[in-house]
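Reading through the structure tokens given below for one structure.
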Amino acid sequence: MDKFINSWRQHLNERVAGKAEYQSHQIMMKCKTTKGVGGDKYEILGQIRSIPGVTIVSYVPGTGREDASHYYDIVKVKFCCTTPVRMSPRSFVRRILRGEMNRIPGLTVQRIVGQIEAIPL
């Protein structure tokens, strides 16, 4: 009976997950969104999420303002550099993220706020 119980215990033991292969990072960017172009503010967040490597996108509460034709917000973008050729987070932001965000109709990245931060695993 003990042999049977031990075999089931071994079978049911979960393996400990290994260390994640890629480190996640986050950055904040001041963005200008043109009203009436490319959808509303939240549709634009969805388009940012579709950029390869981007995991989570949100507006930083209390940072938004608007005028007659634009919204100005700080957007927090969490990402993981999972491109085929590994690159530094800084290179990812400069070469991929910022360019892809500026290609979204109605969205312009005005500047980067602060520095790239590693997200603890």
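Taking label positions 7 Å along the Cα-Cβ direction at both SER91 and GLU66, the computed distance is 4.0 nm, reported to one decimal. Residue order for VAL37, VAL54, fewest other beta carbons within 10 angstrom first, comes to VAL37, VAL54.
Compared with the rule-of-thumb size 2.2 N^0.38 Å for a compact globular protein, the chain has a Cα radius of gyration ratio of 1.51.
Values quoted throughout were computed directly from the atomic coordinates according to the rules given, and no laboratory measurement underlies them. This one's a predicted model, so the numbers in the text were calculated from it and none came from an experiment. All Cβ positions, glycine included, derive from the backbone under ideal geometry; neighbour counts span all protein chains shown.
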